[in-house]
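What follows draws every value from the coordinates through simple rules; no lab data is involved. What you are looking at is a predicted structure, and each value in this text was computed from that prediction instead of being measured. Note: ideal-geometry Cβ built from the backbone for every residue, glycine included; neighbour counts use all protein chains shown.
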Amino acid sequence: MLAVPAPECAASAEIAAGITAVAGTLCPGAAIRVGYAGDGGTGLAAVLAGVAAERAAVAAGAGAAGDAQDDGVDCPYGAVVIPLAIGPDPGGEALIADTVGQAGPVVVRTPPLGPHPLLAGALHDRLAEARLVPPRRLSGLTLVSTATGVLVAAAGGEPALPAAQTVAVLLTARLGMPVAAVALGCRDSIGSGVAALREAGASRLVMAPYVIGPEIAAGELAAAAAAAGAACAPALGAHAALGQLVTMRYGMALLGPGAPLAGQVA
């Protein structure tokens with residue numbers, strides 16, 4: 001179950017569809033559902049109730065036939081709820097936790113998808129697609145210019161900065177450029193990030209949104225980039241890395257509490 005921290009709309013549905021397509025290819029035995037913030041038929045609570053009804057019907061049918069239930073996946077839970085988030089989101093986390101708690105012990109909730117090295121690679125891809133940085137990652141004795149500085153812009157205010165800072169360090173290793181993490185919607189944070197990059201020698205600034213998309217308001221990225229005087233790459237959207245991380249979170253849930261996510265960065 002992919003939990004989207006926004007109401008269903010064309011943009012959020014398109015992103016969720018792209019991510020579930022990747023996850024479905026990587027984990028073909030799992031039935032993937034999408035639940036959104038809010039009420040209605042696509043709300044997380046309603047979708048979880050639908051999953052419970054489906055499993056009850058399957059169990060009843062198997063019992064009537066005298067067969068053991070086999071839904072193709074050896075999962076001890078009725079659903080594994082995976083937040084479509086790459087950093088802390090107190091409001092979204094509270095909503096998901098409350099909904100999962102009401103669903104009972106057969107539903108488990110995983111942590112957010114980040115920080116993770118795959119997300120640094122995804123940010124690099126988006127920057128390269130916008131022709132803001134070279135597409136190839138730094139290797140060996142490659143010489144790079146520090147004239148370009150990168151702002152890794154995270155949604156969620158100051159609580160989101162630690163995750164963004166971790167990915168910023170990983171992105172620095174990939175690009176060999178100065179990188180600073182900033183919080184969207186926080187003028188002081190953006191100002192401090194710009195000052196740090198200028199001090200590091202950057203004369204040209206670009207912004208790498210550490211956001212998937214549904215978690216921010218329309219125009220927020222453009223406003224932040226304009227305030228920083230930076231060219232802005234697109235949000236991560238349905239980048240394949242997110243589908244990979246969803247699959248990894250699902251696998252970790254099946255292994256039980258305490259199982260590490262491969263490549264996870266504290």
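Data for the structure
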{"read-out": "Label-point separation in nm, Glu14 to Leu254, each point 7 Å along Cα→Cβ", "value": "3.2 nm"}
{"read-out": "Amide H partners (placed H, <5 Å) of Val152, local residues excluded", "value": "Ala180, Ala181, Val182, Ala208"}
{"read-out": "R0 of 51 Å, Cβ-Cβ distance Ala223-Ala49: FRET efficiency to nearest 0.05", "value": "0.85"}
{"read-out": "Inverse of mean 1/r across different Cα pairs in region 117-232, Kirkwood, Å", "value": "13.8 Å"}
{"read-out": "Ranked by how many other beta carbons lie within 10 Å on average, peptides 48-57, 7-16 from highest", "value": "7-16, 48-57"}
{"read-out": "Rounded Å value of the spacing that divides the Cα centres of region 160-175 and region 11-60", "value": "31 Å"}
{"read-out": "Region 221-233 - phi-based ³J(HN,Hα) in whole Hz, Karplus 6.51/-1.76/1.60, Gly and Pro as x", "value": "5, 4, 5, 5, 5, 5, 5, 8, x, 10, 6, 10, 7"}
